[in-house]
Every structure is written in structure tokens, then in C-alpha cells.
Ligand code: ADP
Ligand code: MG
């Protein structure tokens, strides 16, 4: 599956998508989250991390630009890096901060505001587009690699989506 669209009518819908994504993750996966401020990018990431077993807080990496987590996939620890590049001054900062090294090294990367890194950000396996629509959110997922497509295949979506 390369393309998938739905309507998340409330927060529970976004939480269900986060949980479905958590079950479908694979090491090395890179997910770009697109959407305006308040679209639900951090909310979705928080739901994903909690469903993946992270017990503590998930704070928005608004000022730190990145927050690292360790989750377990099939019993193995995997690092998950949650980026928010909104406040990054220039695409070059992405390289200077050493962020590029996190990609493709078996870590899972979830990136809010990927546009801020311009062409310096490694391409996504999956892009998620969140858009406010009515009281809820329209969501679209696109896979751009075999890894991303196999992740979308594994999405077992709950009935309230
Ligand atoms: P972003 O990181 O995209 O700027 P946030 O993750 O901070 O946005 O989300 C803003 C708010 O969107 C959250 O506080 C949450 O309550 C709300 N939200 C998330 N999903 C939905 C949904 N499907 N319907 C309505 N509100 C939602
Ligand atoms: Mg955010």
C-alpha cells in the first residue's frame, strides 16, 4: 500500500492512528509530518510513543529541536528521534547540529516541519499530511519506499478511525 486517506473525527481517532503506526514501525523508518501549527503532529507522535511503550512524558521538541526516546520493537531496543524543526534558523543548521547522522542508522526518525531543512533532510519513507477539517482532521499517508509501503501494509486500523 502506497497511499491511504482517512478522517480523524476527534482526538481518539488521532490516538488510534498513532497506536496503529506504533505497531507498524520498523528500524530505520523515517516519517515526515506535514501540517499547520495545531494540526496534531505532536499529538500524533505522543500517541505513537505511548503506544510503543514509552511510559513517561513526551514533550514537544519546540526549543530543543529534537528529543530522543528508546522504544522496544519485537523485544529489541530501538532509538526513536522526534524532531521539530520549526525554530531551526536555516537548513545548514540541520547539518551543523549533526542531525543528519541520526537518519538511516537503524533509528526511527519522526520529523515535524521537515520543510525547514530544505533539501538537506534525507527523504521520508512515509509522509503524513494532517489538515484541520470540520471539528477533526483529514489525514493522508504516502509511502515513498518499500520500507514505508510495508509499514502502511501493516496498519491495522481501529474501527473508530
Ligand atoms: P502541531 O504539533 O501540529 O502543531 P499539536 O499536536 O500540538 O499540533 O495538536 C494541537 C491539538 O490538536 C491537540 O491539542 C489536540 O487536542 C488536537 N487534535 C489532535 N487530533 C485531533 C482530531 N482528530 N480532532 C480534533 N482535534 C485534534
Ligand atoms: Mg508540534
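The values are calculated or read from the model by the stated rules, or taken from the named source; none is laboratory data. In this text, all values refer to a predicted model and were calculated from it rather than measured experimentally. Here Cβ is always computed from backbone atoms with ideal geometry, including for glycine, and neighbour counts include all displayed protein chains.
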| note | Apart from one, (1) in contact with a helix residue (DSSP H, G or I) (Cβ under 9 Å, 6 or more places away or on another chain); (2) within 16 Å of ligand 1 (Cβ to nearest atom); (3) more than 20 Å from residue 87 (Cα to Cα); (4) at pLDDT 95 or above all hold for residue 143; the odd one out is (2)
| message | Anything in the range 102-130 that is within 14 Å of residue 36 (Cα to Cα) and surrounded by 15 or more Cβ atoms within 10 Å (Cβ to Cβ)? List them, or say none. | response | 111, 112, 113, 114, 116, 128, 129, 130
| message | Within the range 1-46, take every residue that is within 16 Å of ligand 2 (Cβ to nearest atom) and in a loop (DSSP other than H, G, I, E, B) and give me the one that is nearest to residue 123 (Cα to Cα). | response | 35
| task | Return yes or no: is residue 155 closer than 19 Å to residue 20 by Cα and at pLDDT below 95? | result | yes
| For residue 78, are the conditions met, namely being touching a residue at least 60 places away in the same chain (Cβ under 8 Å) and either buried (at least 16 other Cβ atoms within 10 Å of the Cβ) or more than 10 Å from ligand 2 (Cβ to nearest atom) (or both)? | no
